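What follows is a set of notes on a single structure, which appears directly below.
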C-alpha cells in the first residue's frame, strides 16, 4: 500500500457527526436535523446543505463552530498511526463530509498530505448561510479517486479507513478497505479488515508499515 485515505468523524476524531453536534450547540432541534439527514444525505446533499446551513444556521455566531473544532479529540492511536505511515513514505489523506476547519487542523497537527472536506462561509463572525460543498456522501468514491490521482497512487495500492455507509463507496474501489469501529453492514460487507475502537494503531501493520511500538 502506498496511500491511506481516512474518513474523519468517528475515525480520526471522536464523535460521529460534527455537523449534528454543531446543530445542537446552536440550540437546534436534533430530531429536525436527523429527519433532513435521512431524507437528503444520499439523494441530494446540496439541498440538505441549503436547508440546514442556509435556513437554520444563517446569521448564527461562528463562535460555537470554532469552539467545537478546537474541542474535538483524536481517536486513540490516531497521531501515532499517521506518524508511522508517514515514516514509511505512505501518503495520507482525509476525505470527509465533515468540516474543512477540522480537517485542516488534522492536516497541520498530524501532517496529513491532502484533505477534502466541506465548509460554511463566515463573515464578520457570523454564518452567512452559504455552504461550501466539496464532498457529498454519495460521491466519496469519486473524490477519493481524485485524491489518489493527485497523490500519484493507483487505487489498488491504496487503503481506506471508514466507519459509515458513505465510506463503502470508496472502500469498493481501493485495494485495502478497512472498517473502523463500524456498525455499517454496507461497509462491513466490503471491508477486508474490521477494527474495534482504539485499534487505529494496527493500521500501519495492516498496510505494510512497521507496527506501532507498544
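We did not get these values from a lab; they are worked out from the coordinates using the rules stated. Just so it is clear, the structure is predicted and the values come from calculations on it, not from any experiment. For neighbour counting, all protein chains shown are included, and Cβ atoms are generated from backbone atoms with ideal geometry for every residue, glycine included.
With the structure loaded, tell me whether residue 116 is part of a helix (DSSP H, G or I) and in contact with a helix residue (DSSP H, G or I) (Cβ under 9 Å, 6 or more places away or on another chain) or whether it fails that test. In short, no.
Residue-level check: of (1) out of contact with any helix residue (DSSP H, G or I) (no Cβ under 8 Å at 6 or more places or on another chain); (2) under 30 Å from residue 58 (Cα atoms), residue 206 misses just (2).
Take the residues in the stretch 124-135 that are touching a residue at least 24 places away in the same chain (Cβ under 8 Å) and part of a loop (DSSP other than H, G, I, E, B), then tell me which one is surrounded by the fewest Cβ atoms within 10 Å (Cβ to Cβ).
Here the residue is 125.
Checking the conditions here, which among 144, 175 is in contact with a helix residue (DSSP H, G or I) (Cβ under 9 Å, 6 or more places away or on another chain), in contact (Cβ under 8 Å) with a residue 40 or more places away in the chain, more than 19 Å from residue 17 (Cβ to Cβ) and surrounded by 23 or more Cβ atoms within 10 Å (Cβ to Cβ)? Residue meeting the stated conditions: 144.
Take residue 202 and decide whether it is in a strand (DSSP E or B) and closer than 14 Å to residue 11 by Cα.
Values: in a strand (DSSP E or B): no; closer than 14 Å to residue 11 by Cα: yes.
Spelling it out, it is not the case that residue 202 is in a strand (DSSP E or B) and closer than 14 Å to residue 11 by Cα.
Looking at the stretch 178-194 only, could you name the residues that are touching a strand residue (DSSP E or B) at 6+ places or on another chain (Cβ under 6 Å) and surrounded by 21 or more Cβ atoms within 10 Å (Cβ to Cβ)? Residues satisfying the conditions are 178, 179, 180, 187, 191.
Residues that are more than 13 Å from the chain's Cα centre (by Cα) and farther than 18 Å from residue 166 by Cβ, at least 3 per element: which helices (runs of 4 or more DSSP H) completely within the stretch 4-104 meet that? Please lay out each step first, then the result.
Details: elements: 18-25, 30-40, 45-49, 63-71, 78-87.
Filter on the stretch 4-104 gives 18-25, 30-40, 63-71, 78-87.
Considering the stretch 14-60, and only residues there that are over 29 Å from residue 78 (Cβ atoms) and in contact with a helix residue (DSSP H, G or I) (Cβ under 6 Å, 6 or more places away or on another chain), the residue that is surrounded by the fewest Cβ atoms within 10 Å (Cβ to Cβ) turns out to be 47. Residues that are assigned to a helix (DSSP H, G or I) and under 23 Å from residue 13 (Cα atoms) within the stretch 152-195 comprise 165, 166, 167, 168, 169, 170, 171, 185, 186, 187, 188, 190, listed in sequence order.
Screening residue 138 with (1) in contact with a helix residue (DSSP H, G or I) (Cβ under 8 Å, 6 or more places away or on another chain); (2) outside any helix (DSSP H, G or I) gives one miss only, at (2). The residues listed here are 119, 125, 144, 98; of these, the one that is on the phi > 0 side of the Ramachandran plot and in contact with a strand residue (DSSP E or B) (Cβ under 8 Å, 6 or more places away or on another chain) is 125.
Residue under question is residue 121, and the condition is that it be assigned to a strand (DSSP E or B), over 18 Å from the mean Cα position of the chain (by Cα), within 22 Å of residue 45 (Cβ to Cβ) and free of Cβ contacts under 8 Å to residues at least 60 places away in the same chain; does it hold? Even if it seems obvious, please write down each step before you answer.
Details: assigned to a strand (DSSP E or B): yes; over 18 Å from the mean Cα position of the chain (by Cα): yes; within 22 Å of residue 45 (Cβ to Cβ): yes; free of Cβ contacts under 8 Å to residues at least 60 places away in the same chain: yes.
When the stated conditions are applied, residue 121 passes them.
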